[in-house]
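The values are calculated or read from the model by the stated rules, or taken from the named source; none is laboratory data. The structure presented is a predicted model; accordingly, all values stated were derived computationally and were not measured. Heads up, the Cβs are rebuilt from the backbone with ideal geometry, glycines too, and the neighbour counts pull from every protein chain shown.
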Amino acid sequence: MKTYIVDAFTKIPYSGNPAGVCILDYELPDNLMAKIAREINHSETAFLHKIDNVYRLRWFTPKTEVSLCGHATLATAHILYEKGFLKSNEQIKFDTKSGILTARITNDMIELDFPQMFVDNCESNEIIEKAFDIKPVYVGKNDKRYLIEIDSIERLKTIKPDFQLLQKSDRGGFIITAKSDDNYDFYSRFFAPGVGINEDPVTGSAHCYLAPYWSKRLNKSKMLAFQASERTGIMECELLDNNRVLLRGQAITVNEMTMDWKNN
């Protein structure tokens, strides 16, 4: 099985967000994909196989399967184009647990068509404020995660969460964001201890929330975002009128290998 390691939402090796990409002749059993994802041990590993003109795509963290992953989708699209599975002018259709997602090359970036996602306003709580040592200016949540705005980029960059305390939260994911004072429109970080990822370096799915949130705050439909993890990453976000968001970024392959799974 051909497996690739791709750094997504960057053009510089060993920055951005690394993802495993496994190209399959047919879908593997779930427990085997979970073992392979644990072995690769990046925040997500994508498993891909073609059915007619659509690519079936699934994502696994080292701990669990997830329903949406931006950086591993970008990494997968990058491999399909770079390795000649598709021509640069062809659109990719992915069949996923979040419905049909598409990818295409535009200028020098890969553009992903993803759903917009939202949270409902809620009160802050003691776990959030103590675990991140922050005083939020906004808190929203849905059934999976919190979206939290603070008023300082410098504070955002220096957060060192208490992950033991976060394990007591009613949600497993935390998007923390702040308005930019430089060439970017907003900054963010993403923590997901609930799915085995303390901090994700650059998170496409988080920007499905961040783009509509900041679009209203900034009165802009096209924004440039910076994720301020240790590895850092950049993406362009553009809201569409049909509750979709375009996420654009670059990627680079850093490793290629063959994995033997038949004896597992």
Note to self: Out of everything in the range 243-264 that is outside any strand (DSSP E or B) and out of contact with any Ser or Thr (no Cβ under 8 Å at 6 or more places or on another chain), what residue ends up being surrounded by the most Cβ atoms within 10 Å (Cβ to Cβ)?
What the structure shows: Trp261
Check: In this structure, is Lys83 closer than 25 Å to Met257 by Cα and charged (D, E, K, R)?
Finding: yes
Next item on the list: Test Ile100 against the stated conditions and say whether it is surrounded by fewer than 19 Cβ atoms within 10 Å (Cβ to Cβ) and closer than 19 Å to Cys208 by Cα.
Entry: yes
Checklist line | Those residues of the range 43-79 which are at pLDDT below 95 and either assigned to a helix (DSSP H, G or I) or surrounded by 24 or more Cβ atoms within 10 Å (Cβ to Cβ) (or both), in sequence order | finding: Ser43
Checklist line | Subset of the range 11-28 that is assigned to a loop (DSSP other than H, G, I, E, B) and in contact with a His (Cβ under 8 Å, 6 or more places away or on another chain) - its residue that is surrounded by the most Cβ atoms within 10 Å (Cβ to Cβ) | finding: Gly16
Next item on the list: Considering every residue within the range 189-211, establish whether at least one is modelled with pLDDT of 95 or more and more than 25 Å from Pro62 (Cβ to Cβ).
Entry: yes
Item checked: Residue match in the range 225-242 (condition: at pLDDT below 95, in a strand (DSSP E or B), surrounded by fewer than 13 Cβ atoms within 10 Å (Cβ to Cβ) and not charged (D, E, K, R)) -> no
Note to self: Which of the numbered conditions does Gly173 fail, given that it passes all the others? Conditions: (1) surrounded by fewer than 22 Cβ atoms within 10 Å (Cβ to Cβ); (2) under 27 Å from His42 (Cβ atoms).
What the structure shows: (1)
Notebook entry, point to check: Can you tell me which residue in the range 80-129 is nearest to His207 (Cα to Cα), limited to those that are part of a helix (DSSP H, G or I) and either within 22 Å of the chain's Cα centre (by Cα) or outside the structural domain of Cys208 (by TED's automatic domain parsing) (or both)?
Noted result: Ile128
Check: Can you pull out the residues in the range 84-143 that are of a type in the set (Gly, Ala, Ser), out of contact with any strand residue (DSSP E or B) (no Cβ under 8 Å at 6 or more places or on another chain) and in contact (Cβ under 8 Å) with a residue 24 or more places away in the chain?
Finding: Ala131
Margin query: Need the failing condition index for Thr64 against (1) in contact with a Phe, Trp or Tyr (Cβ under 6 Å, 6 or more places away or on another chain); (2) within 20 Å of Pro193 (Cα to Cα), just the number.
Written below: (1)
Next item on the list: Look through Asp162, Asp182, Asp170, Asp200 and report the one residue that is under 15 Å from His71 (Cα atoms) and of a type in the set (Asp, Glu).
Entry: Asp200
Next item on the list: Would you kindly identify the strands (runs of 3 or more DSSP E) lying entirely within the range 134-206 that contain at least 1 residues that are more than 21 Å from Met117 (Cα to Cα) and not basic (Lys, Arg)?
Entry: 197-200
